[in-house]
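The structure under discussion appears below in the form of structure tokens.
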Amino acid sequence: MKFQALRTIRGRLAVSYVALLSVTLLVFVAGASLLFWMLLTHQVYRSAIENVENTEGLLAFTPEGTLYLREDYHDTPQDRLVQERLLEVRDLNSGAVLYRNKKLGDRTLGGAPFPGEGTDYSRRRYRLSDGTRVLLVSHVHGLDGRQLVTRLALGEAPMFSRLKQFMAVLLLAIPLALAIVGITAFRVAARTLAPLDAMIGRAERITPKKLDERLPVVNPSDELGRLAVVINTLLQRIETSFNQLQRFTSDVSHELRTPLAVLRNVGEVGLQRPKAPSQYEEIIGSMLEEVNRLTRLVESLLTIARMDAGQVSLRSIELDVATLLRNCVGLLEVLAQEKGQNLSLEAAEGLLVKSDEVMLRQALLNILHNAIKYTQEGGAIEVRARGAEPNAVEITIADDGPGIPAEGRARIFERFYRAFADQTGSGLGLPIAKWIVEAHGGQLVCGASASGGCCFTIRLPLVQAGVAPPARVAVFDAH
Ligand code: ADP
């Protein structure tokens with residue numbers, strides 16, 4: 001069975017703190033008890049050594065040669081503190097027991113000399129024959145020409161009971177400390193995580209219809225605040241793309257409706273009454289024209305959809321800009337010639353860009369085709385390419401057509417935007433061109449040409465700056 005409290009972060013935090021503190025306190029109690037035991041042992045050994053010193057001063061032989069302890073043995077204040085004092089004095093040479101106190105009775109504090117036992121005080125833990133554990137101090141000294149070894153032992157039992165008391169006090173304090181820490185940790189975690197509850201509450205209200213809702217940001221500099229800010233930015237992006245998608249969908253339906261309506265009208269008129277074959281040819285011709293428009297529109301929409309979905313991958317190779325421009329101009333020169341326009345190209349040789357040839361050509365053709373389409377008959381279109389700082393190539397396509405007013409230029413790259421109401425284009429050519437140029441790490445801007453027409457400038461990163469002396473500038477003229 002899982003505990004309810006462990007399902008929440010605050011519960012898990014509180015439990016973790018309590019668990020951590022329990023371990024820490026137990027380690028502390030163990031360490032403190034060990035230290036306490038060591039201090040106690042040290043103290044008892046010192047007390048035993050003092051006792052041995054006193055005892056040695058009070059030992060004396062009767063005229064018959066019996067060793068006894070003078071009466072004033074118990075008079076020192078330390079003596080009264082020591083309850084379990086066991087005393088044994090032996091002759092060092094013969095090993096014979098010369099004295100044992102009453103507490104020791106018929107037990108013994110060891111037989112033959114212990115290793116290290118001598119004129120220095122030696123200490124050891126010892127277990128008596130009845131199992132009693134004691135701390136034993138022994139010392140060798142001379143009395144009336146004989147070498148005596150005095151052994152004095154103090155029982156460990158009182159030390160154990162003091163250690164138990166000490167540990168009991170510490171262990172009793174642990175549950176109290178744990179309760180205080182547990183409750184405090186739970187409250188602090190609950191207060192810290194309160195903004196998260198507010199965020200959850202608000203997030204539950206965000207639906208596709210209420211995408212303008214945002215999460216509350218209590219403290220923008222802490223982790224939760226930063227999370228809320230990041231999620232809000234994400235929501236902003238989702239809202240923007242959602243709105244864009246909605247606008248795009250309605251624009252697309254609008255764009256498709258017009259040619260379809262034209263097709264239907266032309267068809268209906270064609271069927272109204274019998275006509276001469278030449279009239280049918282005309283009707284079918286205009287229907288095909290609309291179908292062609294529809295096809296181009298659908299192709300552009302597909303391109304845009306693929307670009308939006310990130311499905312367009314660039315197959316970049318090193319391209320010579322002048323060659324590419326010559327190619328584009330060559331493709332459209334017939335259209336310019338039909339309108340009696342002067343289409344000229346001046347491109348510095350040796351400018352290399354890394355790009356997808358098909359895509360970049362499509363972008364250039366879209367812009368160039370517009371220039372030819374929107375410039376009046378007999379107009380001039382200039383295509384130029386030159387190296388530009390820093391390490392870029394600048395391609396300009398300028399015409400002396402009607403141009404685009406400044407407010408129109410600001411929106412020229414929006415999808416379905418046309419600068420003038422009566423135009424037949426789809427309004428998708430420039431957005432596609434801009435996407436392609438930017439996908440190549442470049443920029444596409446629309447300005448005004450010196451003659452008041454349009455001037456589109458494309459800047460692309462240069463792979464290699466070619467030397468472009470004027471003599472080597474390629475000049476192409478459609479006339
Ligand atoms: P389309 O040409 O199919 O309408 P575009 O996205 O290529 O779509 O162009 C958008 C609009 O920009 C055109 O409808 C036109 O109004 C304007 N435009 C583009 N190029 C030129 C130009 N060279 N001269 C004048 N207007 C232009």
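Read-outs throughout are calculated quantities, based only on the coordinates presented, and are distinct from any laboratory measurement. Predicted, not measured: the structure shown is a model, and the values here were computed from it. All Cβ positions, even for glycine, are placed from backbone atoms using ideal geometry, and neighbour counts span all protein chains on display.
Rg/Rh for region 137-211 to two decimals, with Rh computed the Kirkwood way over all alpha-carbon pairs.
Rg/Rh for region 137-211 comes to 1.71.
For a quick check: sort ARG12, ARG90, ARG459 by the number of other beta carbons within 10 angstrom, fewest at the front.
By the 10 Å Cβ count, ascending, the order reads ARG12, ARG459, ARG90.
Check cross-link reach from LYS354 to the aspartates and glutamates: straight Cα distance under 18 Å, and skip same-chain residues fewer than eight apart.
GLU318, ASP320, GLU389, GLU394, GLU438
Run the helix sum for the chain: -39,500 (n - 2.57) per DSSP H stretch of 4+ residues, divided by residue count, reported at 222 nm to the nearest 500 deg cm²/dmol.
Value at 222 nm, helices only: -18000 deg cm²/dmol.
When all alpha-carbon pairs of the chain are counted, what percent fall beyond 28 Å?
On the way: 84476 of 114481 pairs.
When all Cα pairs of the chain are counted, 74 percent exceed 28 Å.
Rounded to whole Hz and in sequence order, give me ³J(HN,Hα) for region 181-191 from the Karplus expression 6.51 cos²θ - 1.76 cosθ + 1.60, θ = phi - 60°, writing x for Gly and Pro.
For region 181-191, the Karplus-derived couplings read 5, x, 5, 4, 4, 4, 5, 4, 4, 4, 5 Hz, x marking Gly and Pro.
Run the reach check for LYS209 against lysines, Cα to Cα strictly under 19 Å, same-chain hits fewer than 8 apart removed. What comes back?
In chain and number order, there are no partners.
What aspartates and glutamates sit close enough to LYS102 to cross-link, taking a C-alpha to C-alpha distance under 13 Å and skipping anything fewer than 8 places away on the same chain?
GLU84, GLU88
With +1 on each Lys and Arg Cβ and -1 on each Asp and Glu Cβ, how big is the dipole of the chain about its Cα centre, in debye rounded to the nearest 20?
Details: 54 positive and 52 negative charges, 405 e Å.
The calculated dipole for the chain is roughly 1940 debye.
Over 31 Å between C-alpha atoms is what I'm after, so list which of LYS275/LYS339; LYS275/LYS373; LYS339/LYS434 land there.
Details: LYS275/LYS339 34 Å; LYS275/LYS373 34 Å; LYS339/LYS434 27 Å.
In this structure, LYS275/LYS339; LYS275/LYS373 exceed 31 Å between Cα atoms.
Please list 3J(HN,Hα) in residue order for region 101-107, calculated via the Karplus relation 6.51 cos²θ - 1.76 cosθ + 1.60 where θ = phi - 60°; whole Hz, with x for glycine and proline.
7, 5, 4, 6, x, 9, 7
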